[in-house]
1. Tell me, which residue of the stretch 119-171 that is among the hydrophobic types (A, V, I, L, M, F, W, C), touching a Pro at 6+ places or on another chain (Cβ under 9 Å) and more than 17 Å from Asp278 (Cα to Cα) is most open to solvent (accessible area, probe 1.4 Å)?
2. When residues of the stretch 69-118 are filtered for being surrounded by fewer than 17 Cβ atoms within 10 Å (Cβ to Cβ) and either in contact with a helix residue (DSSP H, G or I) (Cβ under 7 Å, 6 or more places away or on another chain) or under 20 Å from Gly143 (Cα atoms) (or both), how many remain?
3. Check Met302 against each of (1) assigned to a helix (DSSP H, G or I); (2) open to solvent by less than 20 Å² (accessible area, probe 1.4 Å) and name the one condition it does not meet.
4. Against the condition open to solvent by 20 Å² or more (accessible area, probe 1.4 Å) and not in a helix (DSSP H, G or I), how does Lys208 come out, does it pass?
5. In the set Ser162, Ser130, Ser144, which member is polar (S, T, N, Q) and in contact with an Asp or Glu (Cβ under 8 Å, 6 or more places away or on another chain)?
6. Show me the helices (runs of 4 or more DSSP H) found entirely inside the stretch 1-64 where at least 3 residues are farther than 23 Å from Gly143 by Cα, open to solvent by less than 20 Å² (accessible area, probe 1.4 Å) and in contact with a Leu (Cβ under 8 Å, 6 or more places away or on another chain).
7. Is there a residue in the stretch 114-128 that is assigned to a strand (DSSP E or B) and closer than 15 Å to Pro71 by Cα?
Amino acid sequence: MDNFEFYSPTYFVFGKNTEEKAGELVKKFGGSKVLVHFGGGSVVRSGLLDRVCDSLRKENIEYVKLGGVMPNPRSSLVYEGIELCRKENVDFILAVGGGSTIDSAKAIALGAVYDGDFWDYFGGGTVTNSLPIGTVLTIAAAGSEGSPNTVITHENGMYKRSTKGDCLRPKFSILNPELTTTLPAFQSASGITDIVAHLYERYLTNTKDVEVTDRLIEALLLTMKSEAPKVIENPKDYEARANIMWAGMLAHNNMCGVGRSQDWNSHSFEHELSALYDCAHGAGLAVAMPAVLRYVVKKDVMRFAKVANRVWGCDMDFDNPERTAIAGIDALQNFFISIGMPKNFEELGAKEEDIDYLVETLCCSPERNGYIEGYVKLDKEDCKNIYRLML
């Protein structure tokens, strides 16, 4: 196990009606003028936004609102939010929504206190200062409610990139599973896929002897395997929603990733897909991740065979462990398909003729040098081969 430092200070408030505590929690963590950041649609129609704003008014906390967050959140709204925070002297940002809203809020939070372009951090480097953030989560997926990470798409070039910093971990996160029970099945499945991907990206490690975090990841994967079909069949299953919501946070606050190298190549492949086609992140991962895993399986066949056996119940073939490993990748993809995710480029809406462009933006954008590097270092030819496996 590698040396590590782990800091996870977020205060979690979990359960029914907990969104009514938003104002109390903003005050607890020092907020006096709040930017309420949200997407639109459902948080407005459901009355959630009104309930959150009512809770702020009860605590005599001033606020301004900025809606319009899109899936795969865009840089233009981040710039608008930064300008609004400075104009209104905002000292706290409250994100009401899913991962896209929280990621947009984090980018605004870092940009509001930075003299340069917020995008400077998305080419590398760690964020060390930002406005404080709170969240009211509406979908279990990205894990941004407990993580130091944010992902934004810049419209100049449509680059989808990430940055991180412990200051971007929310001061508090409100997690009410009831808020997720009205999600369409496709959105629920996309979120579930993202959670599973966060776990696999950490499971693929070159660090030896990390049994504790291996077992934590396997337990969470087993939870997703068990609970996902329940919410697809019965969207109002509160207990299944609750288990998935908490698993989503644990999958990405990095408790499962400490002391080990991690992968993230599958996410990199997907970011190019959702930047170009504006597909749901989880749907893109359902297509990208099995292709990446098939391409790199021989790097450490026993690691793949182990998760195949422990999570997916595949028989361990010690004479031919690659057979077990491939069976596990098949089981993973079949799980995605069973909950309604796409299995290939055609179902995702991607096009074979765009592969060269996808490879170029993946490997040769300003902060990259012709390759991506994670569990396995992949050059342009490797990346082209992997995209072709998605056909």
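1. To start, the set of residues in the stretch 119-171 that are among the hydrophobic types (A, V, I, L, M, F, W, C) comprises 119, 122, 127, 131, 133, 136-137, 139-142, 151-152, 158, 167-168.
Still in the running and touching a Pro at 6+ places or on another chain (Cβ under 9 Å): 127, 133, 140, 151-152, 167-168.
Cutting the leftovers down to more than 17 Å from Asp278 (Cα to Cα) gives us 127, 133, 140, 167-168.
On the way: Val127: 4, Ile133: 1, Ala140: 14, Cys167: 37, Leu168: 0 Å².
Per the criteria, the residue is Cys167.
2. The qualifying residues number 1.
3. Answer for Met302: the failing condition is (2).
4. Working: open to solvent by 20 Å² or more (accessible area, probe 1.4 Å): yes; not in a helix (DSSP H, G or I): yes.
Taking the combined requirement at face value, the residue satisfies it.
5. Values: Ser162 fails: in contact with an Asp or Glu (Cβ under 8 Å, 6 or more places away or on another chain); Ser130 fails: in contact with an Asp or Glu (Cβ under 8 Å, 6 or more places away or on another chain).
That would be Ser144, the only listed residue that is polar (S, T, N, Q) and in contact with an Asp or Glu (Cβ under 8 Å, 6 or more places away or on another chain).
6. Details: elements: 22-28, 41-45, 48-58.
Once the helices (runs of 4 or more DSSP H) in the stretch 1-64 are filtered for at least 3 residues that are farther than 23 Å from Gly143 by Cα, open to solvent by less than 20 Å² (accessible area, probe 1.4 Å) and in contact with a Leu (Cβ under 8 Å, 6 or more places away or on another chain), nothing remains.
7. To start, the set of residues in the stretch 114-128 that are assigned to a strand (DSSP E or B) comprises 122, 124, 126.
Now drop any that are not closer than 15 Å to Pro71 by Cα, which leaves none.
Scanning the stretch 114-128, I find no residue that is assigned to a strand (DSSP E or B) and closer than 15 Å to Pro71 by Cα, so the answer is no.
For every residue, the table says whether it meets (1) touching a strand residue (DSSP E or B) at 6+ places or on another chain (Cβ under 9 Å); (2) acidic (Asp, Glu).
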| site | (1), (2) |
| --- | --- |
| Cys53 | yes, no |
| Arg57 | yes, no |
| Glu62 | yes, yes |
| Pro71 | no, no |
| Tyr79 | no, no |
| Leu84 | yes, no |
| Asn89 | yes, no |
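The values are calculated or read from the model by the stated rules, or taken from the named source; none is laboratory data. Computed from a prediction, not measured in an experiment: that's the story for all the values here. Note that we place each Cβ from the backbone using ideal geometry, even for glycine, and neighbour counts take in every protein chain shown. For the accessible areas, the whole protein counts, side chains as well, though only heavy atoms, and no ligand, DNA or RNA atoms are used. Shrake-Rupley method; radii C 1.70, N 1.55, O 1.52, S 1.80 Å.
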